[in-house]
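Worksheet for the structure shown next.
The values are calculated or read from the model by the stated rules, or taken from the named source; none is laboratory data. Please read these numbers as outputs of a predicted model, since none were measured by experiment. Methodologically, a virtual Cβ is constructed for each residue, glycine included, from the backbone with ideal geometry; neighbour enumeration extends over all protein chains shown.
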Amino acid sequence: MSDIIQLDIKQNVATITLNRPDKLNAYSMAMRDGMWQALSAVRDAPDVRAVVLRGAGEKAFCVGADLSEFGSNPSQVSARQVRFERDVWGLWKSIRKPFVAALHGFVLGSGIEMALWCDLRVAADDCVFALPEVQLGMVPAAGGTQTLPRAIRPGVAMDLLLRCERITAREALRVGLVHRVVPRARVLAEAETAARRLAASPGDVACRVKEALRRGADMSLRDALAMERRLAADCLERDISQNVNF
Ligand code: COA
């Protein structure tokens with residue numbers, strides 16, 4: 001595992017740390033490669049039952065794409081090839097295990113988009129959120145144009161994406177972008193507690209509920225309810241076969 005993305009596993013909870021604090025954890029190509037490795041590892045490790053995502057350093061969870069790398073790719077063709085081979089966001093979307101984001105300081109651009117791939121978002125009271133891409137002449141491409149309107153009201157998502165204004169942690173809580181705001185000193189502990197609780201939940205129920213919500217959002221209500229019935233029935237069958245007492 002690279003230094004730029006750290007992976008620690010303790011008591012069924014993996015912690016992925018964006019570890020480039022001198023650049024405010026700006027998301028670079030090296031970070032993308034590290035994320036690919038870390039996400040593959042947590043997907044495949046049977047003892048990992050929940051994941052915390054955090055940023056190292058005092059000032060930022062992540063300030064978005066590494067702007068210094070723009071235009072420095074070898075070529076559009078090879079950049080696209082790497083993207084197809086390493087579809088980090090597609091990989092992340094495919095992972096059934098629950099993720100909890102511990103957010104602090106600046107959470108900008110792909111910082112927000114990475115938080116949106118997480119299922120629960122705990123924010124420190126010092127968080128500043130913004131999606132500056134449009135002002136920089138870019139389309140958010142870490143899933144944000146799709147994940148944001150699925151997480152919060154589409155009109156509010158449009159406003160954040162088009163106006164690029166900064167919002168505070170309290171405002172983020174009000175619009176539903178984060179689930180909880182806590183004092184800065186407590187943010188990691190709160191996220192870890194949530195992840196440990198998920199890791200301790202019976203069987204793979206947390207994974208199933210995540211799957212029901214995530215997949216259901218793209219289905220008709222009828223198909224989504226059928227999926228929910230299947231997930232619930234599979235769960236029941238497993239409990240009966242394992243002789244779980246109710
Ligand atoms: N890409 C690459 N490096 C970045 C970066 C980014 N997106 N954002 C910050 N950095 C680097 C700075 O270049 C600086 O490096 P240096 O010390 O080698 O010069 C270091 O991180 C610290 O940043 P600095 O700007 O000095 O911190 P600050 O506290 O004064 O300002 C921000 C913080 C977040 C307001 C400011 O860094 C900023 O606006 N960054 C760009 C955010 C952005 O537009 N992201 C793109 C989203 S698509």
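Being among the aliphatic types (A, V, I, L, M), touching a Cys at 6+ places or on another chain (Cβ under 8 Å) and modelled with pLDDT of 95 or more is true for just one of Val52, Val134, Val48, Val88. Which residue is that?
Being among the aliphatic types (A, V, I, L, M), touching a Cys at 6+ places or on another chain (Cβ under 8 Å) and modelled with pLDDT of 95 or more holds for just one of Val52, Val134, Val48, Val88, which is Val134.
Pick out, from segment 1-55, the strands (runs of 3 or more DSSP E) lying fully within it that include 1 or more residues that are free of Cβ contacts under 8 Å to residues at least 40 places away in the same chain and in the same structural domain as Ala189 (by TED's automatic domain parsing).
Numbers: elements: 5-10, 13-18, 50-55.
Those strands (runs of 3 or more DSSP E) span 5-10, 13-18.
Spot the failing condition for Asp22; the list is (1) within 16 Å of the ligand (Cβ to nearest atom); (2) of a type outside the set (Lys, Arg); (3) touching a helix residue (DSSP H, G or I) at 6+ places or on another chain (Cβ under 9 Å), and only one is missed.
(3)
Are any of the residues in segment 77-87 among the aromatic types (Phe, Trp, Tyr), over 21 Å from Ala56 (Cα atoms) and either surrounded by 17 or more Cβ atoms within 10 Å (Cβ to Cβ) or free of Cβ contacts under 8 Å to residues at least 40 places away in the same chain (or both)?
Pass one, segment 77-87, residues among the aromatic types (Phe, Trp, Tyr): 84.
Cutting the leftovers down to over 21 Å from Ala56 (Cα atoms) gives us 84.
Cutting the leftovers down to either surrounded by 17 or more Cβ atoms within 10 Å (Cβ to Cβ) or free of Cβ contacts under 8 Å to residues at least 40 places away in the same chain (or both) gives us 84.
Taking every residue of segment 77-87 in turn, at least one turns out to be among the aromatic types (Phe, Trp, Tyr), over 21 Å from Ala56 (Cα atoms) and either surrounded by 17 or more Cβ atoms within 10 Å (Cβ to Cβ) or free of Cβ contacts under 8 Å to residues at least 40 places away in the same chain (or both).
If Ala217 passes every condition in (1) in contact with a Pro (Cβ under 7 Å, 6 or more places away or on another chain); (2) under 22 Å from Ile95 (Cβ atoms) but one, which one does it miss?
(1)
Hey, can you tell me all the residues within segment 44-70 that are away from the ligand (no atom under 12 Å from the Cβ) and over 15 Å from Tyr27 (Cα atoms)?
Of everything in segment 44-70, those that are away from the ligand (no atom under 12 Å from the Cβ) and over 15 Å from Tyr27 (Cα atoms) turn out to be Asp44, Ala45, Pro46, Asp47, Val48, Arg49, Ala50, Val51, Val52.
For Met219, which of the numbered conditions (1) of a type in the set (A, V, I, L, M, F, W, C); (2) within 29 Å of Arg32 (Cβ to Cβ); (3) not assigned by TED's automatic domain parsing to the domain that holds Val88 fails to hold?
(2)
When only residues in segment 62-85 that are polar (S, T, N, Q) and in a loop (DSSP other than H, G, I, E, B) count, which is modelled with the highest pLDDT?
This residue is Ser72.
If a residue must be more than 20 Å from Pro183 (Cβ to Cβ) and either away from the ligand (no atom under 12 Å from the Cβ) or surrounded by fewer than 22 Cβ atoms within 10 Å (Cβ to Cβ) (or both), how many such residues does segment 102-113 contain?
0
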